[in-house]
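The values are calculated or read from the model by the stated rules, or taken from the named source; none is laboratory data. Keep in mind that this is a model prediction, so the values were computed, not measured. Note that we place each Cβ from the backbone using ideal geometry, even for glycine, and neighbour counts take in every protein chain shown.
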């Protein structure tokens, strides 16, 4: 992973800052909207299938965890696929399915999301370990958390 030049890096801000870089890998997270009930197991299954659906066609999905109130992902969009478009499709499609199939009412996800460019292999490993250990921090006795996935970054 090389340091970006200023011409390649774009920045914008909604409530949170967002930086974009061609061929970058990102750590992304988003949460349920306040007052939404926690995600049930079948709902987490649905979100997992949404995340995996376009893996290898629109993006490479390196790691994810679906907790009961938030999602963490490490992703690399493929050429021409804007990160914000991918996240918006995940959030809108999963919200629609959660409302139709599981009876959720109102807006499911918070409007904003957090993303960060992963700058090097050390940061990639640190974020991957963070994702893998996220369920253990919340539920120390959990074994084989089923809404967790990861793969090794290929050179």
Evaluate the following for residue 139: is it under 13 Å from the mean Cα position of the chain (by Cα) and either modelled with pLDDT of 95 or more or more than 21 Å from residue 62 (Cα to Cα) (or both)?
-> no
Scan of the stretch 107-132 for residues that are closer than 12 Å to residue 24 by Cβ and either modelled with pLDDT of 95 or more or surrounded by 13 or more Cβ atoms within 10 Å (Cβ to Cβ) (or both), ordered by number = 115, 116, 117, 118, 119, 123, 124
Residue list for the stretch 86-104, restricted to those being more than 14 Å from the chain's Cα centre (by Cα) and touching a residue at least 60 places away in the same chain (Cβ under 8 Å) = 102, 104
Those residues that are in a loop (DSSP other than H, G, I, E, B) and within 19 Å of residue 44 (Cα to Cα), I need them from the stretch 112-155; list them, please.
-> 113, 139, 142, 143, 144, 145, 146, 147
Please work out which one of (1) in a helix (DSSP H, G or I); (2) in contact (Cβ under 8 Å) with a residue 24 or more places away in the chain; (3) more than 16 Å from residue 134 (Cα to Cα) is the condition residue 49 fails and give its number.
-> (2)
Can you name the number of the only condition in (1) buried (at least 19 other Cβ atoms within 10 Å of the Cβ); (2) in a strand (DSSP E or B) that residue 39 fails?
-> (2)
Yes or no: residue 80 loosely packed, with under 14 Cβ neighbours inside 10 Å and either in contact (Cβ under 8 Å) with a residue 40 or more places away in the chain or within 26 Å of residue 9 (Cβ to Cβ) (or both)?
-> yes
